[in-house]
Amino acid sequence: MTEAASLLRARAAAAAAAAKAAEQIVVLDLRGQTLVTDFFVICTATSRVHLKAVREGVEEAMDQASHRLFGREGNEQAQWVLLDYSDVIVHVLTADTRAFYKLERMWANAPQVEVSGGKAG
């Protein structure tokens, strides 16, 4: 997968989350920092029902764009769902869970990617 394609995939995931009213959307560029993935898309859902809607929206949009889902961790009962698209990993968390795990702080050296004319989040 090319770097440009990975970036487009990350932006598509962020846009899909935004379309479902996810909050505090952040895209982190992890290229050169880990071999696991190129980008994290991190967003907040306001409830478990909202978390499910955001997850389903991202999955549907990515599927329609022919982006293969390699794995999913968590379900509608979870407070954190991870969607693995190999070069892009999407994290949908409830506010309390996001505050507890502080993924952005863990990856503080990763640049944030601008999404839709401004920094996501």
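We did not get these values from a lab; they are worked out from the coordinates using the rules stated. From a predicted model like this one, the values you see are computed outputs, not experimental measurements. Neighbour counts are summed over all protein chains in view; Cβ atoms, including those assigned to glycine, are modelled from backbone coordinates with ideal geometry.
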Just to be sure I understand the curve: with the Debye formula and one point per C-alpha of segment 38-90, what is log10 I(q)/I(0) at q = 0.22, 0.30 Å⁻¹?
-0.80, -1.31
Max mean-square fluctuation residue, GNM over the chain, Cα-Cα springs under 10 Å, options Leu35, Leu83, Leu69
Leu35
Hey, could you pull the Cα Rg and Dmax for segment 3-115, both in Å?
12.6, 35
Out of all DSSP beta bridges with both ends in the chain, state the antiparallel percent to the nearest 5.
70
Can you tally the net charge around Gly71? Count Lys and Arg as +1, Asp and Glu as -1, for every other residue whose Cβ sits under 15 Å from the Cβ of Gly71.
-2
Just grab the label-to-label distance for Glu104 and Asp84, each label 7 Å out from Cα along the Cβ direction, in nm (one decimal).
2.6
For Gln64 and Glu23, what is the calculated FRET efficiency with R₀ set at 25 Å and r taken between the beta-carbons, to the nearest 0.05?
0.60
Shape box of segment 1-58 [Cα atoms, principal axes, largest first, Å]
35, 18, 15
A chain fully extended from Glu73 to Leu35 at 0.36 nm per residue, minus the present Cα-Cα distance, gains in nm 11.7 nm
